[in-house]
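First the structure, in the form of structure tokens, and then the observations on it.
Bear in mind these aren't lab numbers, they're just calculated from the coordinates by the rules spelled out. In this text the structure is predicted, and so the values were computed from the model without any measurement. For neighbour counting, all protein chains shown are included, and Cβ atoms are generated from backbone atoms with ideal geometry for every residue, glycine included.
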Amino acid sequence: MAKEIATFLVNGGEYEVIIEPHVLLIDVLRDKLGLTGTKYACGAGDCGACTVLIDGKPSFSCLTLAVTAKGKSILTVEGLAEGNELHPIQQAFVDKGAIQCGFCTPGMILSAKALLDQNPEPTREEIKSALAGNLCRCTGYVKILDAVESAAAGLRNGGQR
Amino acid sequence: MHRVLLPFEFAEPTSVAEVIELVDGEKARPLAGGVDLVLRMRLRQVVPDRVVSLQKVPGLDYVQADAGALRFGALATLRQIERAPEVRDRWPLLAEAIGCIVSVQTKVMGTAVGNLCVGTPASDVAPALYALGARVKIAGRQGVREIPIEEFFVDAGKTAVGRNEIVTEIVVPVPLLGSTGAFLKLSKTSEDIAKVNAAVMVTVSGDTCTTARIALGSVAPTPLRAMEAERVLQGRPLSAKAIVEAAEAACEAVAPISDVRSTAAYRKEMVRVLVRDALARAVLRVPAAKEG
């Protein structure tokens, strides 16, 4: 049906993409913009691999109609690093070995970012609850929680962003 | 599960009146948060010709509390309601029930009204709203009608919302003084929907239970009140014996089905357990000193 040229604000940049109403946000990100950091897995809102931040809120890009995300600020995992310097949350995931196959990592990191943006000093329980919508098929949850705790401490002690 | 959706016409009206005109039949679906609708479109369980987004209608995303009631609009998200200080303070049962939906993304995107409009008896929000005596406002061409939530759920997947109608608001009265409640959910994993869930609200005056509302989910085509169990408690102290009797009455009253999540026999037995435990939990929450 009606095609349109839509403007998406992704990772601080403006992108014009031709879309139709039935196109999903994840397909705009991955297929039109080449941002394949956002993962497609269950397609049903169970796993959280497709999580992106829309206006700062963790959202399933696989259940979001792209047309409803026009003009909103979208952050994907590609928007976190500055040049070759990883974001402190990404660095903490590396340092703590919180990555096994890596498939859940972009979603985990974005859910963690949404948490830490609002709550710089979360308890372990608060971290668990913030990541409850993200599944790790390798079951490496303990190190993920360690990484978020460590990132929070790092950010509080003067890490950037 | 399909990777892409089938094409549809998309409408983004800016008033409730326009939305009502556009949702003119089975093939026209309102979209709030989309967590259920888009999923069911992927599954081809729903193949709409037209999707009518409410997202551009101003003034539907409120959560407001005053002396008489809590009100939230069709676009109030589960997360917004769960975290609202007034909800946590005065309607903690509702926050507790929403808390049993664990995925942050689901709660950030999904609305409470959307959760109800799915019409599933496994809703975690619905039993809490049954126990709290909530009412549903439905806007249509003839204006707005308001019905008790018990009349909203008609059958599995079927609600009282008709053609050219949408739910605009949920009204939850302030609980009576001395009321406490509890919500319990039993599920395969914490992110799955309920095998059985139960919400209770009891009002205690002196030693006596003056009102009791007990609601169950996932044991019938709609959520339901366990009225026999409520009657067992009324006018009695909430003793361990009374609680066991009420739980027994609730168990006797239900006739659940077997499906992929559980068996009828297990569900029935778990009604007894959840009602017993929820009542016990509610009793523990009765304030020790009388409230002034």
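Only lysine pairs 8 or more places apart, or on different chains, with alpha-carbon atoms under 26 angstrom apart are counted in the range B:146-292, and they number 11. With a Förster radius of 51 Å applied to the C-beta separation of A:Tyr141 and B:Asp66, the computed FRET efficiency comes to 0.75.
Quick check on packing: order B:242-251, A:74-83 by the mean number of other C-beta atoms within 10 Å, highest mean leading. Walk me through the intermediate numbers first.
Working: B:242-251: 22.0, A:74-83: 17.8.
Per-residue mean Cβ counts within 10 Å order the peptides as B:242-251, A:74-83.
Highest GNM mean-square fluctuation among B:Pro223, B:Pro121, B:Pro237, for chain B modelled with Cα contacts below 10 Å: B:Pro237.
Principal axis extents of the C-alpha atoms in the range B:1-106 (largest first, rounded to whole Å): 44, 33, 18.
Peptide B:48-55 has a mean of 2 when you count, residue by residue, the C-beta atoms of other protein chains within 10 Å of its C-beta. Each Lys or Arg adds one and each Asp or Glu takes one away; over the other residues whose Cβ falls under 11 Å from the Cβ of A:Pro58, this sums to +2.
Largest first, the three principal axis extents of the alpha carbons in the protein assembly as shown are 69, 53, 44 Å in whole numbers. Each other residue within a Cβ distance under 15 Å of B:Leu22 adds +1 if Lys or Arg and -1 if Asp or Glu, for a net charge of -2.
Using C-alpha pairs below 8 Å separated by at least 6 residues, the relative contact order for the range B:9-52 is 54 percent.
Quotient of the Cα radius of gyration of chain B and 2.2 N^0.38 Å, N being its number of residues: 1.01. With viscosity set to 0.692 mPa s at 37 °C, what whole-number translational diffusion coefficient in µm²/s follows for the range B:235-284 from Stokes-Einstein and a Kirkwood radius over Cα pairs? After rounding, the answer is 288 µm²/s. In this simple spin-label approximation, B:Thr263 and A:Thr7 carry label points 7 Å from Cα along the Cα→Cβ vector, and these lie 6.1 nm apart. Once the Cα atoms are used to define both axes, helix B:240-253 deviates from the longest principal axis of chain B by about 40 degrees. Rounded to the nearest 10 degrees, the inclination of helix A:105-118 to the longest alpha-carbon principal axis of chain A is 80 degrees. Compactness of the range B:63-173, taken as the C-alpha radius of gyration over 2.2 N^0.38 Å, stands at 0.99. For A:Glu85 and A:Glu125, the difference between the fully extended length at 0.36 nm per residue and the C-alpha to C-alpha distance is 11.5 nm. The value of relative contact order for chain B, using C-alpha pairs under 8 Å at least six residues apart, is 15 percent. The long axis of helix B:264-284 is offset from the longest Cα principal axis of chain B by roughly 70 degrees.
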